[in-house]
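What follows is calculated from the coordinates using simple rules that are stated; it is not laboratory data. These figures come from a predicted structure and were not determined experimentally. With ideal geometry, Cβ positions are generated from the backbone for all residues, glycine too; neighbour counts draw on all protein chains shown.
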Amino acid sequence: MKIVMLGAPGAGKGTQAKRIAAQFGIPHISTGDIFRANIKNGTELGKKAKSFMDQGLLVPDELTVDLVIDRLGQDDCKKGYILDGFPRTIPQAEALDKALAGKGEKMDYAVDVDVPDENIISRMSGRRACTGCGATYHIVYNPSQKGDNCQVCGEALILRDDDKPETVQKRLSVYHEQTQPLIEYYQGKGILKTVDGTKNMDEVFEEILGILK
Ligand code: ADP
Ligand code: ADP
Ligand code: ZN
């Protein structure tokens, strides 16, 4: 099963993608996580990506598309995968479809986690990310049982620089301009499924499971 997660920054794509990946035994592929790992390791890609991410802008397609297509060629992707944060532009979606078509494959579902802008700022300002394992929490909706440390690996939790309100506004406008058109793109392909992302995490997960069955 091959799934694309759509939705504004902070809509809950990552939260749901991790659960779906665990449920179906498929890899969770997050371009944001890949870029952050590159930044942490000081790679060339990380240095280039950081300058865009810090400004709330998208990393250029040239730095993003090949990275993902290569990843999808790895063995663990044979049973399918869930893409979180990719594609984020129409050219990325087209490149993905072209690469899949070349292998005689196609995307099965595009799940749009729908959350209005008004809810996004509180989602993002309360998000805490683990510097060790990448686990995500929310200070109100999903707090860590270990306070300011990760309940999985014990490392410190941080507020991502790009989750500060100034940058969130920019990311939201970038989302509306460059990423939202993907909703229509996948509707046109007949695989779009929309879920109400304002419900609690368990309810959203149940709704998605109902779609994927
Ligand atoms: P969120 O979880 O808030 O939606 P991500 O972790 O997915 O954010 O992405 C963080 C940042 O990484 C984005 O703001 C963007 O700069 C960059 N990024 C991630 N995925 C892509 C992509 N597919 N294309 C371009 N930039 C990306
Ligand atoms: P995205 O990957 O779309 O950027 P995340 O999954 O990281 O979003 O979620 C953003 C923040 O909102 C996190 O702090 C997460 O714990 C929280 N969150 C996710 N889903 C919900 C939900 N249904 N209700 C309340 N908070 C949520
Ligand atoms: Zn952790």
For this session: Under 4.7 Å Cβ to Cβ, no partner at all: give me those cysteines from the chain, in residue order.
Result: Cys77
Problem set entry | Hull shadow area, averaged, the chain [alpha-carbon convex hull, nm²] | 11.2
Problem set entry | Table column - 3J(HN,Hα) (Hz), the stretch 87-95, Karplus curve with 6.51, -1.76, 1.60, x for Gly and Pro | x, 10, 9, 4, x, 5, 5, 5, 5
Exercise. Using modelled amide H (1.01 Å from N, peptide plane; none on Pro or chain starts), what sits under 5 Å from the amide H of Gly134, excluding residues fewer than 5 places away?
Worked result: none
Seminar exercise, completed: Zone reached by a paramagnetic label modelled 7 Å from Lys170 Cα along Cα→Cβ, restricted to the stretch 47-90 with backbone N below 13 Å, covers 50-59
For this session: Quick one: compute the contact order of the chain, relative version, from alpha carbon pairs under 8 angstrom and 6+ residues apart, as a percent.
Result: 30
Exercise. At what distance in angstrom do the alpha carbon centres of the stretch 164-213 and the stretch 109-148 lie from each other?
Worked result: 15
For this session: Only loop residues by DSSP count here, and only those with at most 10 other Cβ atoms within 10 Å; note down the trypsin sites (Lys or Arg not before Pro) in the stretch 100-160 that meet that.
Result: Lys103
For this session: Choose one answer from Cys130, Cys153, Cys77: the residue with the largest mean-square fluctuation in a GNM of the chain with alpha-carbon springs under 10 Å.
Result: Cys153
For this session: Calculate I(q)/I(0) for the stretch 30-122 by the Debye formula, one identical point scatterer on each C-alpha and no solvent, and give its log10 at q = 0.12 Å⁻¹ to two decimals.
Result: -0.45
Problem set entry | Proximal lysines to Lys213, defined as alpha-carbon separation beneath 26 angstrom and excluding residues fewer than eight positions away on the same chain | Lys2, Lys13, Lys18, Lys78, Lys79, Lys103, Lys106, Lys189, Lys193, Lys199
Problem set entry | Distant-in-sequence amide H partners of Leu6 (H built 1.01 Å from N, under 5 Å) | Val111, Asp112, Val113
Problem set entry | Most mobile listed residue (Thr194, Thr43, Thr31) in the chain, GNM with C-alpha springs under 10 Å | Thr43
Exercise. With contacts defined as alpha carbon pairs under 8 Å and 6 or more residues apart, what's the relative contact order of the stretch 75-161 in percent?
Worked result: 18
Exercise. How many percent of DSSP beta bridges within the chain run antiparallel, rounded to 5?
Worked result: 35
Exercise. What is the set of long-range amide H partners of Arg128 at a cut-off below 5 Å, with H atoms built 1.01 Å from backbone N?
Worked result: Tyr137, His138, Ile139
